[in-house]
Each structure stands twice: as structure tokens, then as C-alpha cells.
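First up is the structure itself, then whatever we jot down about it.
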């Protein structure tokens with residue numbers, strides 16, 4: 001595999017990162033729809049929340065090691081959030097604002113796919129909170145996460161969800 005990756009150009013590697021990010025979200029979407037079709041949306045959301053919480057721990061551990069994070073500062077978290085699996089295709093912006101970090105997701109592929117298929121939005125706030133809380137706690141156990149907005153909340157056209165991280 002390394003020989004194959006070594007043969008790719010920088011642009012091809014960047015395209016591959018985007019493809020891998022889309023693949024992860026596509027798998028999650030099909031998995032969610034299978035659960036939703038069989039057991040209903042509330043059960044699917046709860047199972048999805050559990051899965052993304054566990055994934056948040058694994059994902060953060062790998063990113064923390066990759067970025068050689070030891071202190072777990074606000075700046076470390078801000079940097080790590082750019083490396084999440086969903087970031088390459090989610091128009092993520094991360095800002096450090098004084099004593100907090102704000103993560104904004106401007107493109108939500110799962111929600112737009114649901115809208116395109118006529119399924120309507122799903123209330124993903126508990127899933128996002130579980131994933132991002134678990135992720136942040138691996139970077140530093142003192143991080144607390146607060147949802148600023150996320151479906152089922154109303155949101156502007158250019159912002160699907162927004163999350164605030166603080167060290168306590």
C-alpha cells in the first residue's frame with residue numbers, strides 16, 4: 001500500500017482524503033438508514049450516538065498521536081478538529097475566541113442527502129454532542145462542549161451546526 005500512496009501526487013493525495021471522508025459519511029448514512037428503517041428514527045439516533053461517541057475516542061487518540069499533542073491546550077484542540085474524518089468535506093471552520101474554541105460545520109452531507117431523498121432532517125444534536133465531547137476529552141479531560149446550534153434547531157443556510165469548547 002505504501003508504494004501505491006508514494007506514487008500519488010500531492011493533489012491526488014488530497015483528493016484521496018476527500019474520497020475517504022465521503023466514504024466514511026456514506027457508510028454512516030447507510031448504517032443509520034438501515035437502523036432507522038427497521039427500528040425507527042429515535043432508536044437509530046440513540047445507536048448512532050453511542051457509535052459516534054466511541055468513534056470520537058478512537059479518532060481523537062489517533063489524531064492526538066499524529067499531531068504529537070501532549071498539553072491539550074485550546075490551540076491543540078483547534079488544530080485537531082481540522083483533522084477529524086468529517087472535516088475535509090464539511091466546510092469546517094475552527095476559531096479560537098479568547099478562552100474558547102468554536103467549531104462550525106457549513107456543509108452537512110448527511111443532512112443534505114436526507115433532504116435530497118425526501119426523508120427530512122434528523123435530530124443529530126445528541127450524536128454531535130457525544131462525538132465531539134468524547135473527542136475533546138481525549139485531547140484534554142477538562143474540555144466541556146456546548147452546542148450553539150444543531151438540528152433540530154433552526155439554522156442559517158450557510159451553517160448546519162456550531163459547537164463551543166472550553167477548558168474547565
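Readers should treat all values here as calculations from the given coordinates under stated rules, not as data from a laboratory. Keep in mind it's a predicted model, so treat the numbers as computed, not measured. All Cβ positions, glycine included, derive from the backbone under ideal geometry; neighbour counts span all protein chains shown.
Considering only 16, 25, 33, the Gaussian network model of the chain with Cα springs below 10 Å gives its largest mean-square fluctuation to 16. Which of rounded, prolate, oblate describes the stretch 12-109, given a ≥ b ≥ c as roots of the alpha-carbon gyration tensor eigenvalues and a/c under 1.5 marking rounded, otherwise prolate only if a/b is larger than b/c? Verdict is prolate for the stretch 12-109. Applying 0.36 nm per residue to the separation of residue 7 and residue 167 and subtracting their alpha-carbon distance, the gain on full extension is 53.4 nm.
Provide the percentage of antiparallel DSSP beta bridges, counting only those with both residues in the chain; round to the nearest 5.
Details: 18 of 18 bridges.
Taking every DSSP beta bridge with both residues in the chain, the antiparallel ones total about 100 percent.
What does the C-alpha gyration tensor say about the overall shape of the chain? Classify as rounded when a/c is under 1.5, otherwise prolate if a/b is larger than b/c, or oblate. Oblate is the answer for the chain, as a/c is 1.5 or above yet b/c matches or exceeds a/b.
Distance between the modelled labels on residue 61 and residue 20, one decimal in nanometres: 1.8 nm (7 Å Cα→Cβ projection).
Using a Gaussian network model of the chain in which every pair of alpha carbons under 10 angstrom is joined by a spring, one finds that among 59, 11, 46 the greatest mean-square fluctuation is at 11. For the pair residue 113 and residue 158, label points projected 7 Å from Cα toward Cβ lie 2.6 nm apart.
A simple spin-label model places the labels of residue 147 and residue 70 3.7 nm from each other, with each point 7 Å out along Cα-to-Cβ.
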